[in-house]
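Right, one structure below, let's go through it.
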Ligand SMILES: O=P(O)(O)OC[C@H]1O[C@H](OP(=O)(O)OP(=O)(O)O)[C@H](O)[C@@H]1O
Ligand SMILES: O=C(O)c1cc(=O)[nH]c(=O)[nH]1
Ligand SMILES: [Mg+2]
C-alpha cells in the first residue's frame, strides 16, 4: 500500500476533517484525522493494518506482543497483531497515567512493538513506552498508521509509519486568526471525565 492508498482509505472513510481541533497534546490544528471512521469498517482496517504489519516485520523482524495506548490504539493494535501472529494488549489511563491493567502481562524475553494510530507530538507514544519500562520484554520499536509530525516526533525508539505528513499544529496562544475564529472541538479521550 502506498502512502496515497492509505490516505485514500482515510479520505473515503470521511476521516480527514477540517475545522478547529484541540489535540491530545493541547496543540490546536485545522486538520484532524478521525481514525475511528476508518476503524468502524473492519475490511478497511484490515487493509491498512496488514500493510502496517508488513512494515513492522521488515523493520523489526518477528514480533510476539503488540502493545497499544487506549483508546485509539486498541483496534489497530489488535488488527496489526493478527497479521503479525502476535498477541495484542493495551495500556489505559489509571488516574491519568498509562498502565497495563486487566491482568495483562508480557513474558520475559518477548519481542514487543508498540502500535499507535496517529502520532502528532509523540507524547502519548512516549507515555505508553514509559509505562512499559518496568515490564519484561524487549521493546523493538514503534509503529503508527499516520505520523503527522513530518518525522519530527522523537519517541526514543525507531518509529515506522505508513504515511508521514507535516500538518500544522499551534500552541493555544499562537493561533492564526482564521483558526481562532472557528469554535474548537476536542475529539480525543485524554482528560475525558465521566459526569
Ligand atoms: O502524538 P500525540 O501528540 O500524543 O497525539 C497523538 C495521540 O492522540 C490521540 O489520542 P488521544 O489522547 O486523543 O485519545 P484517543 O486515543 O482516545 O483518541 C491518538 O490516538 C494518539 O494517541
Ligand atoms: O494529536 C491528536 O490528538 C490527534 C490528531 C489526529 O489527527 N487524530 C487523532 O485522533 N488525534
Ligand atoms: Mg490515542
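Where a number appears in this text, it was derived from the coordinates with a stated rule and is not lab data. Predicted, not measured: the structure shown is a model, and the values here were computed from it. Here Cβ is always computed from backbone atoms with ideal geometry, including for glycine, and neighbour counts include all displayed protein chains.
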Just the residues that are within 15 Å of ligand 3 (Cβ to nearest atom) and within 16 Å of residue 162 (Cβ to Cβ), please, taken from region 110-137. 114, 115, 116, 117, 118, 119, 120, 125
Residue within region 10-26 that is within 16 Å of ligand 1 (Cβ to nearest atom), crowded, with 18+ Cβ neighbours inside 10 Å and farther than 30 Å from residue 176 by Cα present: no
Here is a list of conditions, (1) surrounded by 15 or more Cβ atoms within 10 Å (Cβ to Cβ); (2) closer than 25 Å to residue 36 by Cα, and residue 175 meets all of them except one; can you say which number that is? (2)
Return the residues of region 69-90 that are closer than 13 Å to residue 189 by Cβ and assigned to a strand (DSSP E or B); say none if nothing qualifies. 69, 90
Looking at 108, 127, 92 in this structure, which one is under 14 Å from the mean Cα position of the chain (by Cα), surrounded by fewer than 21 Cβ atoms within 10 Å (Cβ to Cβ), in contact (Cβ under 8 Å) with a residue 24 or more places away in the chain and more than 21 Å from residue 5 (Cβ to Cβ)? 127
Selected residue (criterion: nearest to ligand 3 (Cβ to nearest atom)) from residues of region 33-51 that are under 17 Å from residue 124 (Cβ atoms) and either assigned to a helix (DSSP H, G or I) or over 13 Å from the mean Cα position of the chain (by Cα) (or both): 35
Can you tell me which residues in region 32-57 are touching a strand residue (DSSP E or B) at 6+ places or on another chain (Cβ under 7 Å) and either buried (at least 17 other Cβ atoms within 10 Å of the Cβ) or farther than 14 Å from residue 147 by Cβ (or both)? 32, 33, 34, 35, 48, 51, 52, 56
